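The values are calculated or read from the model by the stated rules, or taken from the named source; none is laboratory data. Quick caveat: nothing in here was measured; it's all calculated off a predicted structure. Here the Cβ positions follow ideal geometry from the backbone for every residue, glycine too, while neighbour counts run over all protein chains shown. Note: accessible area is taken over every heavy atom of the protein model, side chains too, but ligands, DNA and RNA are not part of it. Shrake-Rupley method; radii C 1.70, N 1.55, O 1.52, S 1.80 Å.
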Amino acid sequence: VQYALDDAGTRIEATKGTEAFCPCCQGLVLAKCGVIKVHHWAHKAGIDCDSWYEPETEWHRNWKLHFEPHQVEVPIGSHRADIRTDRNLVIELQNSPISPGQIQERERFYKNMVWIVNAQDFADRFFLMKRMGGDLISFKWKQMKPSWRFARRPVFLDFGKMTIRDLLGVKHVRARVAYDANLVSESFASLSVERYGPRNGAYLDPSLATLNQDILQSGMLRINTIYESGHGSAKAVNHSQLKKQFGIAEAT
Ligand SMILES: [Zn+2]
């Protein structure tokens, strides 16, 4: 966790060699100030009091820095919301894989919440294919983790430094002649092969050329629909829209 309480009950960040108290369980937490991981507090007991805990990464930290300290790591019942805005919207930052059951459990618990998913690990398997109505863009997510199909609250994919422009994909459908050992008389069968990419091919769907600069430069998508096949649709979100929606004050 980023914040713990000192003796006076003030939220403080970890500094080398110090101790403080967990805002949730009041247990003792120790400062972890190594070189590789972001500075954080860890429970002295060795186990985090929140069963939904996931290890803090730089990605988590960067998101939390957009918010005021009192909006970050807010104890709610026996859990700790990553962020809770002043409008009582919980923002869960999800970096590691999560099961459909866990998604549903958290949505039932927090109710008014959205997900921000670190999409940087699968950005190379995520292709935007076609502009549909308005600003809706269809996508193909190869080897998608099926969990996010079960989310009923808004899911935002954060592609980090990559922009919508970087995610534009090309779909090729080709007829291929392939040898089929099961066919005795005709030993060849025709197959249709679908390929996605390359990113900067000359055969982008013409509808994608109509996306304006604002959209092409944004780095996040809000999922609209998502299917088992990994196909779906999403809307590009830029920073100012997101800030407005989340009630983030204009800062950095
Ligand atoms: Zn605790």
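Among the residues of the stretch 30-51, the ones that are assigned to a loop (DSSP other than H, G, I, E, B) and either hydroxyl-bearing (Ser, Thr, Tyr) or within 12 Å of the ligand (Cβ to nearest atom) (or both) come to 8 in all. For the stretch 57-78, residues that are assigned to a loop (DSSP other than H, G, I, E, B) and over 14 Å from the mean Cα position of the chain (by Cα) total 6. I'd like to know if the stretch 54-67 contains one or more residues that are within 13 Å of the ligand (Cβ to nearest atom) and open to solvent by 30 Å² or more (accessible area, probe 1.4 Å). Among the residues of the stretch 54-67, not one is within 13 Å of the ligand (Cβ to nearest atom) and open to solvent by 30 Å² or more (accessible area, probe 1.4 Å), which makes the answer no. Would it be correct to say that Ala81 is open to solvent by less than 70 Å² (accessible area, probe 1.4 Å), within 16 Å of the ligand (Cβ to nearest atom) and under 18 Å from the mean Cα position of the chain (by Cα)? Yes; evaluated as a whole, the condition is true for this residue.
Looking across the stretch 19-29 at every residue that is open to solvent by less than 50 Å² (accessible area, probe 1.4 Å) and either more than 12 Å from Asp48 (Cα to Cα) or in a loop (DSSP other than H, G, I, E, B) (or both), the one that is farthest from the ligand (Cβ to nearest atom) is identified as Ala20. Checked against (1) more than 24 Å from Asn112 (Cβ to Cβ); (2) open to solvent by less than 20 Å² (accessible area, probe 1.4 Å); (3) of a type in the set (A, V, I, L, M); (4) within 11 Å of the ligand (Cβ to nearest atom), Val1 passes all but a single condition, namely (1). May I ask you to verify whether Val72 is open to solvent by less than 70 Å² (accessible area, probe 1.4 Å), in contact (Cβ under 8 Å) with a residue 40 or more places away in the chain and of a type in the set (A, V, I, L, M)? The answer is yes for Val72.
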